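Undergrad: One structure follows; several queries about it will come next.
The values are calculated or read from the model by the stated rules, or taken from the named source; none is laboratory data. What you see is a predicted model; the values in this text were computed from it and never measured. Here the Cβ positions follow ideal geometry from the backbone for every residue, glycine too, while neighbour counts run over all protein chains shown.
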Amino acid sequence: MQVERGQPRLPGFDEEELPEPTHPAAAILFETPVEICRRVFRDVRPRTPFPEFSVEFCRFANANSFIRSENGRLELRITDALEAAPAPILEALAYILICKLFRKPVPPAQRHRYNLYLNRQDVRRSLHLLRQTRGRKHISGPAGERFNLQEIFNELNERFFNGLMAQPALGWSRRVSKTILGHFDPSHNAIIISRLLDKPNAPRLAVEYVMYHEMLHLRYPVETNGVRRRIHPKEFRDAEKLFPQMKEAKAVLETLCGAARRSENW
Ligand SMILES: [Zn+2]
């Protein structure tokens, strides 16, 4: 469950909408990653002299990749999960990173190709495994200053799931996040709730509703179809409406996020 800066986004509005498929270009063969980067750079910056490039595949715990420019050198650090990816995927990633660095719009076909690859079932599976084995996850445990997430989980489990939902790990976020009120992490089978909701001005209803929303993520996994991901499928939406005070809870969350923002001068 996520809200964005400047514009509170409450549960129900954080769906990822991606463009319709386009035709991937023909494969580029026999190019090294550095050669791919040089070619992409020439396309994005036709008149800028070539910098020196370095491309490094790193053991990250996720699919993130990074770019930085230092002393006339462009350094790309790419997750080693993509080391064996076909050249057109590296090309697409080079476009994404180099465009980002120069604040240029990423060509939609490149972004699409990259997303399509990351959404492939085998790629998702290996990334999931990577997060599970490499990702260190700090999980605080259910006890907060005011609320105990285990108690709330148990109550909701009885009320809405006949007590049948398997126990995930429960924890409070390390940061007091006003943008991510809660999330379910399938790689660690953990529900994490923002510490914002453990503050003195947060009513129990707010924690209950966010917890219920995250429990529904356990119950209804993300549906993937090509590049589209349905984070909140229809069954999810319908089940969410069973929470009797949903409107009231959403209003409370909006106030809490707004109040937190104002105190930070956002
Ligand atoms: Zn959600």
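Undergrad: Filter the stretch 169-194 down to the residues that are out of contact with any strand residue (DSSP E or B) (no Cβ under 7 Å at 6 or more places or on another chain) and among the hydroxyl-bearing types (S, T, Y) and list them by number.
TA: S177, S187
Undergrad: Hey, any hits in the stretch 169-182 for a residue that's more than 12 Å from the ligand (Cβ to nearest atom), under 29 Å from N119 (Cα atoms) and touching a Cys at 6+ places or on another chain (Cβ under 6 Å)?
TA: yes
Undergrad: Continuing with the same structure: From H112, H128, H188, which residue is outside the structural domain of K250 (by TED's automatic domain parsing) and without any contact (Cβ under 8 Å) to a residue 60 or more places away in the chain?
TA: It is H128.
Undergrad: Now for a different question. For the stretch 226-260, name all the residues that are among the aliphatic types (A, V, I, L, M) and within 15 Å of the ligand (Cβ to nearest atom).
TA: Those that are among the aliphatic types (A, V, I, L, M) and within 15 Å of the ligand (Cβ to nearest atom): I231, A239, M246, A249, L253.
Undergrad: Cβ-Cβ below 6 Å, separation at least six or inter-chain, first residue in the stretch 206-228 and farther than 25 Å from L256 by Cβ, second assigned to a loop (DSSP other than H, G, I, E, B): which pairs?
TA: Once the first residue is farther than 25 Å from L256 by Cβ and sits in the stretch 206-228, its partners that are assigned to a loop (DSSP other than H, G, I, E, B) give Y220/P233; V222/I231; E223/P233; T224/N119; V227/L18; V227/N119; R228/L18.
Undergrad: Oh, and also: Residue check, L76 against (1) surrounded by fewer than 20 Cβ atoms within 10 Å (Cβ to Cβ); (2) under 22 Å from E35 (Cα atoms), all met but one. Which one?
TA: Status for L76: all satisfied but (1).
Undergrad: In the stretch 213-225, is there at least one residue being within 26 Å of L130 (Cβ to Cβ), away from the ligand (no atom under 15 Å from the Cβ) and either at pLDDT below 90 or among the basic types (K, R) (or both)?
TA: Yes, the stretch 213-225 has at least one match.
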